[in-house]
Structure formats: C-alpha cells, structure tokens
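The structure appears right after this line, and notes come after that.
The values are calculated or read from the model by the stated rules, or taken from the named source; none is laboratory data. This one's a predicted model, so the numbers in the text were calculated from it and none came from an experiment. All Cβ positions, glycine included, derive from the backbone under ideal geometry; neighbour counts span all protein chains shown. Just the protein is used for accessible areas: all its heavy atoms, side chains included, with ligands, DNA and RNA removed. Shrake-Rupley method; radii C 1.70, N 1.55, O 1.52, S 1.80 Å.
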Amino acid sequence: MMAEYGRVVLTLSDVLLPAEKLYPNPTPSMNEGLPYDVEYDLRLIGCELIQTACLLLKLPQTAVATGQVLFHRYYYSSSFVRRQMEIVAMACTNLAAKIEENARRLRDVINVFHHIKQVRAGKTIRPLLIDQVYIDRKNEVIKAERRILKELGFCVYVKHPHKMITVYLKVLEKEREKDLVQTAWNYMNDSLRTDIFLRFPPETIACACIDLAARSLQITLPKNPPWYIIFGAQPNEIHFIMIAILRLYRHRPKSLDELEKIVSAIREKKEDERKKLRSDVIQSIELGNDSPLQQVAQNSISSTVINTRTTVIQQEASTVIATTQEITNVTTTTTTTNGKVSKRHEKGNSRESSTVNSHRHLHSRRRRSSTRSRSSSRSTSRSSVHRSQKKKKTSHRSRSRSRSSTPRRRKQQKDKRHRSRSSNHRRKEKKRRSRSFSPEENHYSNNNKHPLSTKDTNNNLHQRSHHHTSKHSNGVSSSSSSSSHKKLKN
C-alpha cells in the first residue's frame, strides 16, 4: 500500500525518491531561502558527525549507513531552516542503532556529540553536566526522532550494497586483490555522504565503486561491452555516481559555525516576516477592514444560518397552525387586607394548545427519569461500598483463621472463649439477682418511699412477679402466683 508523508512517497519495494523532489529541483531548504551550496555543506557535515559518533559508540558500519541515509531522506521532506541539523543527526544516530539492533543510551549519544563538537572547535574537553540544558536537549532529540518517523511514514528500510561488492568481485575473479576490495569499500562508505542512495539502486552504486577503484588502481576490467551491464547498470548512471564521489575530495565545506550563522540569519528573517504579517492581520481586524477571504467566510456562515432557520420554520409551521393558542387578556388585581397581599387572576376564554401540554408532560417525565437514574446510581454506589466492606471483613476473618493454625494458638483461643462465656454468665446472674428483691426488702423500700408512690411500686412488683411466673411456668404451679398476690395485699 502506497502512502504519502511530507511530500515524499516511500514504499518497501522502492525506497528511492522521485526526480521531482531531488536537486536541481528546489528542495524544502531552498524554498525557505537557503542556498544549495550551504545545504550541501550541511549535509556533508551532518553525515560526518553521524559517522564519527557511530565509531565512538562502537556501532557497526550498517548502522552508520542507515543513519546517513535517513538523514538525507528527512531533509528532502523538511528544511534546515526549521529543524536544527545537530539535533536531527543525534536522532538519526539513535534511530539507526535501534534499527540495526545495537541500541545505545540516549545519554551516551548526546555525550558523544558534545565531545565531537568540543574537539572540532579546539576547546578544552569538559563533560556534559546533567542540568536543565541537558534535559531540554534530550527532549529535543526524542521529539526529532518521532518527527523523522512521522515524515518518513515509518519506512526506514535501507538496502546496503556492501555485500554486493564482494559478490561482484567474485564474479569478476578479483576477490583475491585486497587493495581493490578495500578501495571499493572505502568509496562505498564515502558515497554515503552524498544523496546517490536516494537516486540509484544499491546494485548500481556497488558497480560504480568497483569501477572507480579499478581505475584508480589501474586494474583492467572488461570494457567492450562494459562489465556492469550484466548487473543492470547503465553507463550514464555509473558516470554520475563516480563524479559525485570524486567531488567530495575536491570540495572543502565551510566551518559549522559559519553555516549556523547563515541559517540563524535566515531563520530570524523568516520570524520577522511572520510577526509583521500577524501584526498586519490584527490591525486589519481592529479597523474592521476584513480581507476578502474573511468576508467570504462570514457570508457563507450567515447564509448557512439563514437556511437552517428557514428549514426549521417550514417544518414547524404545520404544527403551529394546527394547534393555535387563543388566550384572551389576563388581568391581575392585587388587594391588601390586614397587611397581606392577595393576587387574583381574571382569565377569559383561554385554550392552551395540545403541543404545550405534550411538552410539559415530556419535561416532567425527563425530570422523573433523571431523579430515578440519580437514585439508582447512589444505590449502586452504596451497594458496591457495602460489598467491599463485606469482602474486607471476610478477608480479615480468613487471615485470623489462617494465623490460628497451630495447636497452641487454638488452645489459647479456647481458653479466651471459656473465660468470656463465664464472665457473661456471671453478669447475667448479677442482673437477675438485682431485679428479684425479697419481700422484706420490698416492704422496707415501700415504707421509705412517699405514700403517693406505693401504688406504682405495687404495680411494678405485680408485673415483675407475673413476668417471672411466665418465664418459669414449666416447673412452678399456679399456687406460687396466688401466694405472691396475698403477700402484696398484706
């Protein structure tokens, strides 16, 4: 399936960019006002930084090649003016290490780039402090890595042509010539600093590196017809690749500080233009001189509002006509009687429409349903809380049971239960004795009390004796109740 991300189309079958996106056509950086020679120097320095950092991090050559190719791909969909080159180089190095399954810590990647920058500038080498500057740099690298994946559509597959060099030399029966193999390999590594991996397939690049190495070492290869035709390469493609590689050794790029100054000047110019444009827009809005685009947008919004209103009126016209309201004048008279205000409404012939009644019924139903739903939600929440409390209680009981597994603990628990039962029995006995008084004590208490309260005490004693007889009715005869009545009379 084909997808387009950041104006660059990439698929797993074809990882090459179309000719319309490559130089001499305008690139994103050229559209921002950056000259191509500055962009070319930034590409060279960025690839050199990635290669040096991978060597210091002890990454394989495949990781170096992957990082440099991703760097070139990204800057054909983004601009050097908008995205800082050093941050993107760090992100490409970190991403290439992950792709080639040799991941490194992001802290190590940042430290290595900081070390390379100090060596290039000739400054004293100092370690990078873990402060707010380091944290900000780390977050920038993480965001840049995500941005690269987004722009490339997660298509980070790179087919490396390094193995093809040995295969092609075996076909040519030149694999024993170590100088030829090493020189071709070096040209291959240096060609990664250019964008030829975005223009030609890896088989053609391998053939060009072998042919260039053979010419520099003056080793004869078949020329009539050319030997690389059997591998699908064309003479014009081979010449283009060879010239691009040789240009690297003749070109001397500017220093990184100079390039950063040029890029920062263009960036500031762009920001000033944006601020000026924003101020002009704000002034036009304050003065009321809307631009034609804003006027068109406002007209379209007002037309849509009018259309919606007309449709609603047309839909509701039939119902309004069918159910008319005839309400006569309503007079309210207020009369004051003894400081109170009473209102009286005198209504004439009034007929409320059926639609109003229906709306009232619907409103009342909605209120009832909302109250029911609230009450149900409260009940469910209470039930859930009650269940959770029950679960906690059961879990506590199960824990106590599991703890009391030893025979010694069981014996202690048994003794505690026996003591509690005996103490409860004693308390009950005391209560029973205190309630059941002897007749002498009752008489003594009755004599001491006020004469008006004797009737109440007799009634209470009668009730107690009756309650006592009803409790112990199994082994006691009815004579005991009669004897108690006689004593009370006496």
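Which one of these does E145 not meet: (1) within 26 Å of the chain's Cα centre (by Cα); (2) surrounded by fewer than 18 Cβ atoms within 10 Å (Cβ to Cβ)?
(2)
Step by step: first the residues of the range 89-145, then only those that are of a type in the set (G, A, S) and in a loop (DSSP other than H, G, I, E, B), then the one that is modelled with the highest pLDDT. Which residue is that? Reasoning before the result, please.
Kept after step one, since they are of a type in the set (G, A, S), are these residues of the range 89-145: 89, 91, 96-97, 103, 121-122, 144.
Filter again for in a loop (DSSP other than H, G, I, E, B), leaving 103, 122.
Details: A103: 93, G122: 87.
Across the range 89-145, the extreme among qualifying residues is A103.
Return yes when I229 is of a type in the set (A, V, I, L, M, F, W, C), at pLDDT 90 or above and closer than 18 Å to V167 by Cβ and no when it is not.
The answer is yes for I229.
Out of the range 29-83, which residues are more than 20 Å from K98 (Cα to Cα), touching a helix residue (DSSP H, G or I) at 6+ places or on another chain (Cβ under 8 Å) and part of a helix (DSSP H, G or I)?
Result: S29, M30, Y36, V38, E39, D41, L42, R43, L44, I45.
Identify the single condition in (1) closer than 18 Å to Q51 by Cα; (2) in contact with a Leu (Cβ under 8 Å, 6 or more places away or on another chain); (3) open to solvent by 70 Å² or more (accessible area, probe 1.4 Å) that D179 does not satisfy, given that it satisfies every other one.
The number of the failed condition is (1).
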